[in-house]
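The values are calculated or read from the model by the stated rules, or taken from the named source; none is laboratory data. Note that the structure is predicted; figures quoted are calculated from it, not measured.
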Amino acid sequence: MKKASITQTKNQLSALLDRVRHGETVLIMDRGRPVARLEPALREGEGNETGRLARLERAGILRRAVSPARSRLLLEPPPKPKKGASILQALLAEREQGR
């Protein structure tokens, strides 16, 4: 269990909350005496998906996406090529334009 003074808690709240999100408990101390405890709202194994994902993330088995999934893009069929158009010609034209 991580211990933090009130000053540390005020200065590093985001970092402490990140630790709590990953399942850790933080004990907040005032002059050496415990006054509060930060702990996850839902514990791992309580059937919550977030806890399971956090455990897999800590184990290095999974990495969460930074941006939302583009599922709509994956479900749509690819665009049909224009008649007479060549992929190779389009690629060479892009290279000439410096894209």
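For the stretch 60-77, does any single residue satisfy the condition of being at pLDDT 85 or above and of a type in the set (A, V, I, L, M)? Yes - at least one qualifying residue is present in the stretch 60-77. Residues in the stretch 5-33 that are assigned to a loop (DSSP other than H, G, I, E, B) and more than 17 Å from Ala54 (Cα to Cα): 3 in all.
Please go through the stretch 84-97 and give me each residue that is in a loop (DSSP other than H, G, I, E, B) and at pLDDT 80 or above, ordered by number.
Taking the stretch 84-97 first, the residues in a loop (DSSP other than H, G, I, E, B) are 84-86.
Within the stretch 84-97, just Ser86 meets the criteria.
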